[in-house]
Amino acid sequence: MMENVIDSHTHLEEIADLDGALKRAAESGVSAIVAVGTNLESNKKALEICRLYKDPGYPALYPSIGVHPGDLAHIDSFSAFNFIEENIDKAVALGEIGLDYWYKEARKDGPGRRLQEEMFLKQLDVANKHNKPIVIHSRGAWRDCFDRLVHSGITKAVFHWYSGPEDVLLEIIKMGYFISATPSAEYSPEHRRAIEITPLENMFIETDCPVIYKPESGSYRSEPKDVLRTLKAVAEIKNMEIARVAEKTSRNAIEFFGLNK
Ligand SMILES: [Zn+2]
């Protein structure tokens, strides 16, 4: 049966056979995809792909632009930030942004962490000014990401691929923020636990493609159609019908990102 699902987090510019991947996604029932950028180059490409890849045989594409904490060490953050400020109204969301304390340069308090923090807060200001929802990367920094969001008065945020501690997750849910589930829902205990705890009302689904996932059945490089794997895993964890999970998570994503407008 075809499901009508939305892949809410992808890095389409990193996919080798994009035309084929988009066709396969549409054939699998993927109706819309959010193309997420992480630095100046990938933000430009995310906008460009969404402009150029318009075809009845493709899912509808929507861009999100932001500067990822993991990209800061290698880029001119000044031009990357300016691009966000100038182009944010062309995007449905601001992201992927956040903090990541697992990167070597940010493991301890120091300049690496301060740079992440500074860029994160500046982008939260842009989101507030332009009334855009936020896509959060929070690996190893779940509490600090949450605190900065609340402090900045952000009301719409999704913690992408949430696999952090339960106490922060409960506060995320209480604040009305979202988490998004990836295909690692098939096997990652931390991610499965987060999905179990989070009500369907606070969730949507994604692939983070082309991330390579490593389930017991064999590792694979993901593409948007693999959001169906996420869908099935979430339905299994929550013991719900696949159609119901598809319908609710799609509606959540449509509302959150303001799609179909
Ligand atoms: Zn991502």
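The values are calculated or read from the model by the stated rules, or taken from the named source; none is laboratory data. Everything quoted here is computed from the prediction, not taken from an experiment. Neighbour counts run over all protein chains shown; Cβ positions are idealised from the backbone, glycine included. Surface accessibility is based on the protein's heavy atoms, side chains included, excluding ligands, DNA and RNA. Shrake-Rupley method; radii C 1.70, N 1.55, O 1.52, S 1.80 Å.
Table for the structure above
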quantity	calculated
Flag for LYS45 being open to solvent by 10 Å² or more (accessible area, probe 1.4 Å), touching an Asp or Glu at 6+ places or on another chain (Cβ under 9 Å), without any contact (Cβ under 8 Å) to a residue 60 or more places away in the chain and over 19 Å from PHE204 (Cβ atoms)	yes
Enumeration of residues in segment 1-21 that are open to solvent by less than 50 Å² (accessible area, probe 1.4 Å), more than 18 Å from PRO183 (Cβ to Cβ) and more than 12 Å from the ligand (Cβ to nearest atom)	LEU18, GLY20
Restricting segment 182-202 to residues that are open to solvent by less than 30 Å² (accessible area, probe 1.4 Å) and in a helix (DSSP H, G or I), the residue that is nearest to LYS214 (Cα to Cα)	SER184
Qualifying residue in segment 78-86 (condition: within 13 Å of the ligand (Cβ to nearest atom), hydrophobic (A, V, I, L, M, F, W, C) and under 30 Å from CYS145 (Cα atoms))	no
Residue satisfying condition, being aliphatic (A, V, I, L, M), open to solvent by 10 Å² or more (accessible area, probe 1.4 Å) and outside any loop (DSSP other than H, G, I, E, B), within set ILE173, ILE179	ILE173
Condition check for SER64: over 14 Å from THR207 (Cα atoms), in a strand (DSSP E or B), touching a helix residue (DSSP H, G or I) at 6+ places or on another chain (Cβ under 8 Å) and among the small types (Gly, Ala, Ser)	yes
Any hit, segment 216-230, residues being under 21 Å from ALA21 (Cα atoms), out of contact with any helix residue (DSSP H, G or I) (no Cβ under 9 Å at 6 or more places or on another chain) and assigned to a loop (DSSP other than H, G, I, E, B)	yes
Residues that are away from the ligand (no atom under 16 Å from the Cβ), open to solvent by 50 Å² or more (accessible area, probe 1.4 Å) and at negative phi, drawn from segment 128-141	ASN128, LYS129, HIS130
Any hit, segment 50-61, residues being within 15 Å of the ligand (Cβ to nearest atom), surrounded by fewer than 24 Cβ atoms within 10 Å (Cβ to Cβ), in a helix (DSSP H, G or I) and among the basic types (Lys, Arg)	no
Residue check, ASP125 open to solvent by 80 Å² or more (accessible area, probe 1.4 Å), away from the ligand (no atom under 16 Å from the Cβ), assigned to a helix (DSSP H, G or I) and within 23 Å of LEU40 (Cα to Cα)	yes
Qualifying positions in segment 224-249 - within 16 Å of the ligand (Cβ to nearest atom) and in contact with a Leu (Cβ under 9 Å, 6 or more places away or on another chain)	PRO224
Single residue of segment 22-42 satisfying the filter (open to solvent by 10 Å² or more (accessible area, probe 1.4 Å) and in contact with a Phe, Trp or Tyr (Cβ under 6 Å, 6 or more places away or on another chain)) that is farthest from the ligand (Cβ to nearest atom)	ALA26
Whichever residue in segment 76-122 is more than 14 Å from SER138 (Cα to Cα) and in contact (Cβ under 8 Å) with a residue 60 or more places away in the chain and, among such residues, is least open to solvent (accessible area, probe 1.4 Å)	ALA93
